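Enquirer: Structure in structure tokens, see below.
Please treat every number below as a calculation from the coordinates, not as lab data. Worth saying up front: this structure is predicted, and the values here are computed from it rather than measured. Cβ sites come from the backbone with ideal geometry, for glycine too, and all protein chains shown count toward neighbours.
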Amino acid sequence: MAVLLALYLILVVDRSVRLVATGEPIAIGLGVALVVLPLIAAWALMRELLFGIRTERLVKHLEAEHALPEDDLPKRPSGRPDRASADAEFDQYRADVDAAPESWRAWFRLGLAYDASGDRRRARAALRRAIALNRQTA
């Protein structure tokens with residue numbers, strides 16, 4: 001997907017340059033808009049790629065410490081964890097964060113628990129908090 005988005009960005013920037021080069025006011029306006037939208041898309045792409053890279057680093061760090069939670073929850077046919085089982089384990093990870101709010105490890109495991117429970121928005125927020133805390137301690 002990233003490669004396709006990069007190709008799209010290149011083509012859109014090319015088209016926007018051609019529009020601006022016409023000298024027509026409406027075409028210039030469209031050309032400028034076509035530059036702004038790809039810049040926003042490139043920013044979002046880079047943000048997501050960095051999130052993935054940083055998250056993977058933390059996973060490897062926890063793997064090296066043998067501190068990743070076991071993936072022993074019952075699975076649905078889709079392969080996702082059973083939500084009721086994930087919710088039952090969630091309280092443990094929330095308590096770990098409450099006990100050590102500055103621990104990136106606790107926040108990371110909480111993010112995994114949120115993801116297992118199906119709450120992707122909170123999972124990403126917890127993982128972003130873990131990344132920020134890890135960067136502060138590094």
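Enquirer: Work out, step by step, the length gained on full extension between A33 and Q92: first 0.36 nm times the residue separation, then minus their alpha carbon distance; give nm to one decimal. Walk me through the numbers on the way to the answer.
Expert: On the way: separation 59, 0.36 × 59 = 21.24 nm, distance 4.86 nm.
In short, 16.4 nm is gained.
Enquirer: So what is the relative contact order for the range 83-137, in percent, with contacts set as C-alpha pairs under 8 Å and at least six apart? Each step should come with its number before you reach the end.
Expert: Numbers: 61 pairs, mean separation 19.5, N = 55.
For the range 83-137, the relative contact order is 35 percent.
Enquirer: Return the distance in nm (one decimal) between the two label points of a simple spin-label model at A67 and I40, each offset 7 Å from Cα along Cα→Cβ.
Expert: That separation, rounded to one decimal, is 3.9 nm.
Enquirer: Also, I was wondering about something else. What whole number of Å gives the distance from the Cα centroid of the range 1-59 to the Cα centroid of the range 69-94?
Expert: When both Cα centres are located, 38 Å separates them.
Enquirer: Report, in degrees rounded to the nearest 10, the 0 to 90 angle that the Cα long axis of helix 2-21 makes with the longest principal axis of the chain.
Expert: 30
Enquirer: About the Cα centre of the chain, what is the dipole size in debye to 20, counting +1 per Lys and Arg Cβ and -1 per Asp and Glu Cβ, all else neutral?
Expert: Roughly 460 debye for the chain.
Enquirer: Okay, moving on. Could you give the angle, 0 to 90 degrees to the nearest 10, between helix 83-99's Cα long axis and the longest principal axis of the Cα atoms of the chain?
Expert: Long axis of 83-99 versus the principal axis of the chain: about 90 degrees.
Enquirer: Could you list which residues have their amide H under 5 Å from that of D82, counting only those 5 or more apart in sequence or on another chain, with H placed in the peptide plane?
Expert: Under 5 Å from the amide H of D82: K75, R76.
Enquirer: Scanning the chain for GluC sites (Glu not before Pro) in DSSP loops with at most 11 other Cβ atoms within 10 Å, what's the longest stretch left with none? Numbers along the way, then the final one.
Expert: Values: sites that count: E65, E70, E102.
Between exposed loop sites, the widest span is 1-64.
Enquirer: Still on this structure: Roughly how tilted is helix 104-116, in degrees to the nearest 10 and between 0 and 90, from the longest Cα axis of the chain?
Expert: Roughly 80 degrees, rounded to the nearest 10.
Enquirer: Okay, next question. Between L5 and A99, with labels modelled 7 Å along Cα→Cβ, what's the label distance in nm to one decimal, could you check?
Expert: Taking the two extended label points, one gets 3.8 nm.
Enquirer: Whole-Hz ³J(HN,Hα) for each residue in the range 59-76, computed from phi via Karplus 6.51 cos²θ - 1.76 cosθ + 1.60 with θ = phi - 60°, x for glycine and proline: what do you get?
Expert: Values, residue by residue: 4, 5, 5, 5, 4, 5, 8, 6, 10, 6, x, 5, 8, 10, 6, x, 10, 7 Hz.
Enquirer: Which of the three applies to the range 83-137, rounded, prolate or oblate, going by the alpha-carbon gyration tensor with a ≥ b ≥ c and a/c under 1.5 meaning rounded?
Expert: Working: a/c = 3.32, a/b = 1.56, b/c = 2.13.
Judged from the Cα gyration tensor, the range 83-137 comes out oblate (a/c at least 1.5, b/c at or above a/b).
Enquirer: Is the shape of the range 2-64 rounded, prolate or oblate, going by the alpha carbon gyration tensor and its root eigenvalues a ≥ b ≥ c, with a/c under 1.5 for rounded and a/b larger than b/c for prolate?
Expert: prolate
Enquirer: For the chain, what relative contact order do you get, as a whole percent, if you take Cα pairs closer than 8 Å and at least 6 residues apart? List each step's numbers first, then the result.
Expert: Numbers: 118 pairs, mean separation 21.3, N = 138.
That works out to 15 percent.
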